[in-house]
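The structure is given below, and queries will be raised subsequently.
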Amino acid sequence: MFRAIILATLLTAAHAIASDMTDADAIVERANLASYYAGADGRSEVRMLIADAQGRKQRRQFTVLRRDVEEGGGQQFLVVFSQPSDVRNTVFLVHKHLDRDDDRWLYLPGLDLVKRISAGDKRTSFVGAHYFYEDVSGRRPSDDTHELMETTDEYYVLKHVPLDASSVEFASYTTWIHRETFIPMKIEYLNDAGKLYRSVEVLKVEDIDGHATVTRSRVSDHIGGGQTDMQFRFISYDLGLSDDVFTERSLRSPPRNWLERSSE
């Protein structure tokens with residue numbers, strides 16, 4: 001019996017060692033798939049609590065619809081705000097591309113205006129939050145170089161450096177990627193002075209329809225102060241969303257049948 005326990009322990013340890021990944025690009029690709037490509041499409045409701053450096057708070061609530069054009073490739077996102085009243089019916093649309101800049105549109109109902117979001121604006125505040133426009137659809141792995149710095153019991157720790165430093169406000173960032181789920185559990189961004197200025201933390205992960213899914217996260221501003229907490233609820237995958245949900249027509253006329261919870 002004792003020998004059997006020792007053998008089982010050794011086999012488990014050997015399997016863990018053999019399963020360690022050492023290719024940084026491969027780890028990043030797995031993390032990208034785990035974070036943004038669960039299922040062929042998906043829907044979630046997001047509650048956002050924004051707190052500034054003085055502790056003043058704002059709330060936002062919106063629904064996100066996502067469709068994969070191809071696994072690991074192009075994607076479409078539609079974000080429709082429901083609360084509070086001053087942002088209600090604001091709509092954000094993204095067509096994500098791997099070979100060129102993403103197409104992004106923002107509809108402002110108060111002005112009845114559709115605004116194109118330029119590539120230079122993708123890392124600016126998303127509706128007053130510490131969340132960025134680029135955070136909605138994710139950063140392309142090909143935009144950065146990746147280096148595996150350390151492998152711990154729980155995480156792959158990687159350093160990333162932008163290929164085009166002039167296109168972003170950070171000099172580098174470090175991610176802690178969970179070795180089992182491949183969810184990036186923490187991201188720390190450094191500025192040109194080498195100081196931590198922004199971080200993203202995952203506070204809770206749940207299994208939903210067989211997919212490890214972030215259900216609570218926090219973005220913090222370490223220079224100006226303040227943070228944004230996000231709670232993801234009523235998450236579902238593989239709904240059968242069609243391409244016409246993600247057209248410019250949906251900016252002014254969002255697909256209510258997919259936005260209402262009762263449609264699931």
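The values are calculated or read from the model by the stated rules, or taken from the named source; none is laboratory data. Remember, predicted model here, so these are calculated numbers, not experimental data. Counting neighbours? That spans all protein chains shown, and the Cβs are built from the backbone with ideal geometry, glycine included.
Of the conditions (1) β-branched (Val, Ile, Thr); (2) at pLDDT 95 or above; (3) over 17 Å from Leu65 (Cα atoms), Thr90 fails just one. Which one is it?
It is condition (3) that Thr90 fails.
In this structure, does Thr247 turn out to be polar (S, T, N, Q), at pLDDT 95 or above and either within 16 Å of the chain's Cα centre (by Cα) or within 30 Å of Asp23 (Cα to Cα) (or both)? Explain how you work it out, then say what you get.
Values: polar (S, T, N, Q): yes; at pLDDT 95 or above: yes; either within 16 Å of the chain's Cα centre (by Cα) or within 30 Å of Asp23 (Cα to Cα) (or both): no.
Spelling it out, it is not the case that Thr247 is polar (S, T, N, Q), at pLDDT 95 or above and either within 16 Å of the chain's Cα centre (by Cα) or within 30 Å of Asp23 (Cα to Cα) (or both).
Looking at Ala165, Ala171, which one is in contact with an Asp or Glu (Cβ under 9 Å, 6 or more places away or on another chain) and at pLDDT below 95?
After ruling out the rest, the residue left standing is Ala165.
Could you give every pair whose Cβ atoms fall below 8 Å, whose first residue belongs to the stretch 110-129 and is among the polar types (S, T, N, Q), and whose second residue is surrounded by 15 or more Cβ atoms within 10 Å (Cβ to Cβ) and in a loop (DSSP other than H, G, I, E, B), counting only separations of at least 6 or pairs across chains?
The qualifying pairs are Ser125/Tyr131.
Quick one: in the stretch 248-263, of everything that is surrounded by fewer than 16 Cβ atoms within 10 Å (Cβ to Cβ) and either touching a residue at least 40 places away in the same chain (Cβ under 8 Å) or of a type in the set (Phe, Trp, Tyr) (or both), which residue is nearest to Leu113 (Cα to Cα)?
Quick first cut of the stretch 248-263, residues surrounded by fewer than 16 Cβ atoms within 10 Å (Cβ to Cβ) only: 248-249, 252-253, 256-257, 260-263.
Of the ones still in play, those that are also either touching a residue at least 40 places away in the same chain (Cβ under 8 Å) or of a type in the set (Phe, Trp, Tyr) (or both) are 248, 252, 261.
Details: Glu248: 12, Arg252: 9, Arg261: 27 Å.
Looking at the filtered set, the residue picked out is Arg252.
Follow-up. Out of (1) within 18 Å of the chain's Cα centre (by Cα); (2) farther than 22 Å from Val46 by Cα; (3) without any contact (Cβ under 8 Å) to a residue 24 or more places away in the chain, what's the single condition that is false for Ala165?
(1)
Any residue at all in the stretch 33-53 that's on the phi > 0 side of the Ramachandran plot, out of contact with any strand residue (DSSP E or B) (no Cβ under 8 Å at 6 or more places or on another chain) and not in a strand (DSSP E or B)?
no
Moving on. For the stretch 189-216, name all the residues that are among the hydrophobic types (A, V, I, L, M, F, W, C), in contact (Cβ under 8 Å) with a residue 40 or more places away in the chain and either touching a helix residue (DSSP H, G or I) at 6+ places or on another chain (Cβ under 7 Å) or surrounded by fewer than 16 Cβ atoms within 10 Å (Cβ to Cβ) (or both).
Selection gives Ala212 alone.
Another question, then. Of the numbered conditions (1) under 26 Å from Leu106 (Cα atoms); (2) charged (D, E, K, R); (3) out of contact with any helix residue (DSSP H, G or I) (no Cβ under 9 Å at 6 or more places or on another chain), Asp143 satisfies every one except a single condition; which is it?
So Asp143 meets the others, but not (3).
Can you list the strands (runs of 3 or more DSSP E) lying wholly within the stretch 98-151 that have 3 or more residues being closer than 28 Å to Glu71 by Cα and over 16 Å from the mean Cα position of the chain (by Cα)? So that I can check it myself, show each step before the final result.
Numbers: elements: 103-108, 113-116, 144-151.
The strands (runs of 3 or more DSSP E) meeting that bar are 103-108, 144-151.
Is there a residue in the stretch 222-233 that is closer than 26 Å to Glu180 by Cβ, touching a residue at least 12 places away in the same chain (Cβ under 8 Å) and small (Gly, Ala, Ser)?
As a first pass, look at the stretch 222-233 and keep what is closer than 26 Å to Glu180 by Cβ: 229-233.
From what's left, touching a residue at least 12 places away in the same chain (Cβ under 8 Å): 229-233.
In the following step, the residues that additionally are small (Gly, Ala, Ser) were identified as none.
No; the residues of the stretch 222-233 include none that is closer than 26 Å to Glu180 by Cβ, touching a residue at least 12 places away in the same chain (Cβ under 8 Å) and small (Gly, Ala, Ser).
Then there's this: Please go through the stretch 63-86 and pick out each residue that is under 18 Å from Met48 (Cα atoms) and polar (S, T, N, Q).
Thr63, Ser82, Gln83, Ser85, listed by residue number.
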